[in-house]
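Comments concern the structure below.
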Amino acid sequence: MGKRDDLFDQAEKLGLNPARNATIATLTEAIEMHQSRNAPPESDAGAARSGAAPTPPEAGPTVTVVGPKQGRRRAGRSFTSKPVTIPLSELDEAEIEALRGDPLLIVSMPADAG
């Protein structure tokens, strides 16, 4: 297997639902974004020492979507290669299925959602 295949398998194991034609760069970015979102949070004491603001608590589960570089519209929203995080409470079931079913989008969401 090549690097792209390895990244594709890794993305699928993370539940990212990558498009079959996703590039190495897109897969790498999506995996890194997913890993950074799921890393243990830095303690507020550590944040104070580093000069960073404390991380506010999340309001609930979210879905993160990465689209193609040229952009893609789905579920009333625009997606590019920059990750977009959407609270699940803002999406209905049809919008979630539209995002997950689009082969040009990489969708990361909680395992227990949708």
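What follows is calculated from the coordinates using simple rules that are stated; it is not laboratory data. No experiment lies behind these values; they were computed from the predicted model shown. Positions of Cβ are generated from backbone atoms using ideal geometry, with glycine treated the same way; all protein chains shown enter the neighbour counts.
Computed extension length for E32-L14: 5.4 nm, one decimal, from 0.36 nm per residue of separation with the Cα-Cα distance subtracted.
Karplus-based coupling profile of region 69-75, in residue order and whole Hz: 4, 6, x, 7, 10, 7, 6, with θ = phi - 60° in 6.51 cos²θ - 1.76 cosθ + 1.60 and x standing for Gly or Pro.
Can you tell me how much longer the chain between A25 and T80 gets when fully stretched, taken as 0.36 nm per residue apart minus their C-alpha distance, in nm with one decimal?
Result: 18.5 nm gained on full extension.
Ordering of 61-71, 77-87 by packing is 61-71, 77-87, highest average first (other Cβ atoms within 10 Å, averaged per residue). Straightening the chain between E97 and Q70 buys 7.5 nm, computed as 0.36 nm per residue apart minus the Cα-Cα spacing.
Proximity of backbone amide H atoms, modeled 1.01 Å from N, is registered between R74 and F79 at under 5 Å, excluding neighbours fewer than 5 places apart on the same chain.
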